[in-house]
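**Student:** Following this message is one structure expressed as structure tokens.
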Amino acid sequence: MFDPIPDLSKARILVSNDDGLDAPGLAVLERVARDLTDDVWVVAPETEQSGAGHSLTLHDPIRYKTRGERRFAVGGTPTDCVLLAVKLFMADRPPDLVLSGINRGGNMGEDITYSGTVAVAMEGTLLGVRSIALSQQFSDGDAIPWETGAALAGDVIRRACAAPWNREVLINVNLPDRPPEQVKGVRLASQGKRVGSSRFSEHLVTRVDPRGRPYVWIGVEQVRAFNGTDTDLHAVDDGYISVTPLCIDLTDQGTMSAMASLF
């Protein structure tokens, strides 16, 4: 189990994301982290890596740049950032907590499987560090309520860290698309699923470039229908912050038992 951290003021925190070092959500999360402790490190991709999932760079060198005290821009994936931070930049003392985000857009339901934001927390967990991913839902790209995370994320982080966690678990937090004074509260929620197909899989746009070569854009379809009232999708849609413990172990024990006599 990860031991509780009732007082984060002495903790060493690593902040990362998948939107890149210059993303506004990262700036918000860095401010939140600095309200928790003075020992904050920021290691993030040099360019946006949304949708990268838990990918690792294996066949190319990973270059990085120092962008200030305890700040690094990495020419790689979100997973690369955590790996370099823990094993290289912070090798003298690993972080006590990894914070990922705040992502521009929610990471709920099946989106979790694509998410570079969640992958940061996943890699942190695999490296033995308790980790939290945070994402901000929005409907209007010109009016993202970053003030919600700025006002409320710190309390959610403190409360989560005050509890013991299984070492196979990361915490996925999603903030609703509304200002902080309109947020109804915090709900523990299961991972949901949108009704129908993935919002990525059936929104492909095929075109031809000026040289006659075909190409495809993968778009994002907004699917409003989803299962269950106890899920992250429903909680955030209803104006709550969702908190979802996710397990690194993907084994389905029910199917294991059902197949025991076959294999």
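**Student:** Hey, got the dipole for the chain? About the Cα centre, +1 on K and R Cβ, -1 on D and E Cβ, debye to the nearest 20?
**Tutor:** Value, rounded to 20: 320 debye.
**Student:** Out of residues 5 or more away from N103 or on other chains, whose amide H comes under 5 Å of its own, with H placed 1.01 Å from N in the peptide plane?
**Tutor:** For N103, the qualifying residues are L134, S135, Q136.
**Student:** With unit charges on the beta carbons (Lys and Arg positive, Asp and Glu negative) and the dipole taken about the Cα centre of the chain, which residue among L26, T79, I102 sits farthest to the positive side?
**Tutor:** Farthest towards the positive pole: T79.
**Student:** What does the highest-first list of 96-102, 175-181 look like by mean Cβ count within 10 Å?
**Tutor:** The peptides rank, most packed first, as 96-102, 175-181.
**Student:** Let me know the whole percent of all Cα-Cα pairs from the chain that are separated by more than 28 Å.
**Tutor:** 35 percent
**Student:** I want to make sure I understand the PRE zone here: with the label point 7 angstrom from the Cα of K65 toward its beta carbon, which residues in segment 24-45 have backbone N atoms less than 16 Å away?
**Tutor:** 43-45, by backbone N distance to the label point.
**Student:** Follow-up question, since we're still on this one. Can you figure out the FRET efficiency of R167 with F263, using R₀ = 30 Å and their beta-carbon distance, to the nearest 0.05?
**Tutor:** 0.60
**Student:** Can you sort R213, R12, R159, R31 so the residue with the fewest Cβ neighbours within 10 Å comes first?
**Tutor:** Ascending number of Cβ neighbours within 10 Å: R213, R159, R31, R12.
**Student:** Could you pull out every one of the lysines with an alpha carbon less than 30 Å from that of K193, ignoring same-chain neighbours closer than 8 positions?
**Tutor:** Cross-link targets: K184.
**Student:** Please give the FRET efficiency for R207 paired with T229, using the beta carbon to beta carbon distance and R0 = 51 Å, rounded to the nearest 0.05.
**Tutor:** Plugging the Cβ-Cβ distance into 1/(1 + (r/R0)^6) gives 0.80.
Read-outs: derived from the displayed coordinates by stated rules, not from any lab. Model, not experiment: these values are computed from the prediction. Cβ atoms come from the backbone with ideal geometry, glycine included; neighbour counts cover every protein chain shown.
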